[in-house]
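Trainee: Dropping the structure in here first, questions after.
The values are calculated or read from the model by the stated rules, or taken from the named source; none is laboratory data. This is a predicted model, so every value here is computed, not measured. Because the Cβ atoms are built from the backbone with ideal geometry, glycine has one as well, and the counts that use them run over all protein chains shown. Just so you know, the surface numbers come from the protein's heavy atoms only, side chains and all, with ligands and any DNA or RNA stripped out. Shrake-Rupley method; radii C 1.70, N 1.55, O 1.52, S 1.80 Å.
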Amino acid sequence: MNNKEKKIDFDFLVRENIKTMRPYSSARDEFNEINSGDMIFLDANENPFENGLNRYPDPHQKVLKEVLAKIKNVNSNNIVIGNGSDEVLDLLFRAFCEPNVDNIITLPPTYGMYGVLANLNAIENKKVLLTDDFQPNVSSILNRVNHKTKIIFLCSPNNPTGNTFLDKNIIEIVENFNGLVVIDEAYIDFSDKPSWLKKINQYPNLVIIQTLSKAYGMAGLRLGLVYASEQIITILEKIKPPYNVNSISQKLAIEKLASMKYLYEIEELKKEREKVMKALVQCKIVTEIFPSETNFILFRVDNATLQYNQFLENGIVVRNRSNDSLCRGCLRITIGTPLENEKVIELLKKLKNV
């Protein structure tokens, strides 16, 4: 298929009630010149006594979007910012999936919130297992698609497996599916592979999810990002809560992004990841280690419950992913500071299988 000829019927994809609804118009929507000299703001029923927090935040996060647009080399009109990735994912369900009618496709093992949000929004979740090497089973995915399938979720780099999906697999899905293809790139900054951001103008059904929680070190601010065509962004902006990102989160995010400290931290974490990987290779209880393009490593052990408890007894909390599809006997460990990783490496030398 020539992707330049690909057309998406958004009139079909968008829920009927969303097409006709009128978005809430806040005071800051009607007059958003917050730094407008000597203007007296008596339009939003705010407390007038200045304390740095008495005014509502910019509902469209204009300054933060401009900063992100420059960093990511996209247009600010291609961005929606949410209160964490979970909010922006939920917006996609509420805009495009009709409860008790439509369905989505997810690829276990993957990020669990896709399924939680499907349940919350009364949407059928069709699960298609990844292959044994943790790649999308493209033919099985496309075979599960019907006229009620609105979204396919691809987590790449994937959580909990740590790998990215092959470009050819993603392209085949995007070009042969007329619903939304959502690529969750929460961990993309730890990968040497490029983001799919540059493809959003080429593929009108492509949606990219990113976050400031991982590589950028702002998990406490709860900032999730959607990058997509202006048509999709307009729909999401229509239904998002008017003041979903508070003033403090916007201010601190702008300051932290300007410092560019995250660039050093990303490279440091990649180096530390290799140190921990080498230590896992030498660990006797480890039976399999999976390649990682994230800030964590998934590895299989001979007794996951026993070894998980041994980590706990030594003051280190990891994740037991044994209940996830294809992850039987697997633990997942996040890459910490150099000092924390040294403690992990020393412990790996001592862990036992009995």
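Trainee: Output the number of the condition that I152 fails; it satisfies all remaining conditions of (1) in contact (Cβ under 8 Å) with a residue 12 or more places away in the chain; (2) closer than 22 Å to K214 by Cα; (3) not in a loop (DSSP other than H, G, I, E, B).
Mentor: If we test I152 against (1) in contact (Cβ under 8 Å) with a residue 12 or more places away in the chain; (2) closer than 22 Å to K214 by Cα; (3) not in a loop (DSSP other than H, G, I, E, B), just (2) comes out false.
Trainee: F134 is checked against (1) of a type outside the set (V, I, T); (2) closer than 23 Å to S322 by Cα; (3) open to solvent by 50 Å² or more (accessible area, probe 1.4 Å); (4) under 19 Å from the mean Cα position of the chain (by Cα) and fails just one. What number does that condition carry?
Mentor: Result: F134 passes all but (3).
Trainee: Go through (1) under 30 Å from W196 (Cβ atoms); (2) modelled with pLDDT under 95; (3) open to solvent by less than 50 Å² (accessible area, probe 1.4 Å) one by one and return the number of the condition K72 breaks.
Mentor: So K72 meets the others, but not (2).
Trainee: Does N169 satisfy the condition of being assigned to a helix (DSSP H, G or I) and under 30 Å from K271 (Cα atoms)? Write out each step before concluding.
Mentor: Numbers: assigned to a helix (DSSP H, G or I): yes; under 30 Å from K271 (Cα atoms): yes.
Criteria met by N169.
Trainee: Checking the conditions here, which among L280, L269 is open to solvent by less than 20 Å² (accessible area, probe 1.4 Å) and touching a residue at least 40 places away in the same chain (Cβ under 8 Å)? Let's see the steps before the verdict.
Mentor: Numbers: L269 fails: open to solvent by less than 20 Å² (accessible area, probe 1.4 Å).
So the residue among L280, L269 that is open to solvent by less than 20 Å² (accessible area, probe 1.4 Å) and touching a residue at least 40 places away in the same chain (Cβ under 8 Å) is L280.
Trainee: Hey, which of the helices (runs of 4 or more DSSP H) in region 19-110, taking only ones fully inside, have at least 3 residues that are touching a helix residue (DSSP H, G or I) at 6+ places or on another chain (Cβ under 6 Å)?
Mentor: 62-72, 85-96
Trainee: I would also like to ask the following. Give I239, I248 a once-over and let me know the one that is touching a residue at least 40 places away in the same chain (Cβ under 8 Å), open to solvent by 10 Å² or more (accessible area, probe 1.4 Å) and over 22 Å from V67 (Cβ atoms).
Mentor: Values: I248 fails: over 22 Å from V67 (Cβ atoms).
The conditions single out I239.
Trainee: Can you give me the number of residues within region 99-127 that are open to solvent by 20 Å² or more (accessible area, probe 1.4 Å) and of a type in the set (S, T, Y)?
Mentor: The qualifying residues number 2.
Trainee: Can you name every residue in region 93-115 that is over 18 Å from V226 (Cβ atoms) and of a type in the set (A, V, I, L, M, F, W, C)?
Mentor: Result: V101, I105, L107.
Trainee: Suppose the filter is among the polar types (S, T, N, Q), open to solvent by less than 10 Å² (accessible area, probe 1.4 Å) and either in contact with a Gly (Cβ under 9 Å, 6 or more places away or on another chain) or touching a residue at least 40 places away in the same chain (Cβ under 8 Å) (or both); does Q231 pass it? Outline the logic, then answer.
Mentor: Numbers: among the polar types (S, T, N, Q): yes; open to solvent by less than 10 Å² (accessible area, probe 1.4 Å): no; either in contact with a Gly (Cβ under 9 Å, 6 or more places away or on another chain) or touching a residue at least 40 places away in the same chain (Cβ under 8 Å) (or both): yes.
When the stated conditions are applied, Q231 does not pass them.
Trainee: Could you grab me the full set of residues in region 111-128 that are out of contact with any helix residue (DSSP H, G or I) (no Cβ under 8 Å at 6 or more places or on another chain) and in a loop (DSSP other than H, G, I, E, B)?
Mentor: Y111, G112, A122
Trainee: All but one of (1) farther than 24 Å from D189 by Cα; (2) open to solvent by less than 60 Å² (accessible area, probe 1.4 Å); (3) acidic (D, E) hold for E288, so report the exception by its number.
Mentor: Answer for E288: the failing condition is (2).
Trainee: Among the residues of region 298-333, write down those that are of a type in the set (A, V, I, L, M), open to solvent by less than 50 Å² (accessible area, probe 1.4 Å), over 25 Å from the mean Cα position of the chain (by Cα) and over 12 Å from K352 (Cα atoms).
Mentor: Residue satisfying the conditions is I316 alone.
Residue by residue, here is whether (1) under 21 Å from V245 (Cβ atoms); (2) under 27 Å from the mean Cα position of the chain (by Cα) holds:
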residue	(1), (2)
L13	no, yes
S25	yes, no
F49	no, no
V63	yes, yes
L68	yes, yes
K72	yes, yes
N77	yes, yes
P99	no, yes
I104	no, yes
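Trainee: Then there is this: Kindly provide the set of residues from region 334-354 that are surrounded by 12 or more Cβ atoms within 10 Å (Cβ to Cβ) and of a type in the set (K, R), ordered by number.
Mentor: Across region 334-354, the qualifying residue is only K343.
Trainee: OK, next. Select from region 166-196 the residues that are open to solvent by 40 Å² or more (accessible area, probe 1.4 Å) and aliphatic (A, V, I, L, M) and list them in ascending order.
Mentor: The answer is L166, I171.
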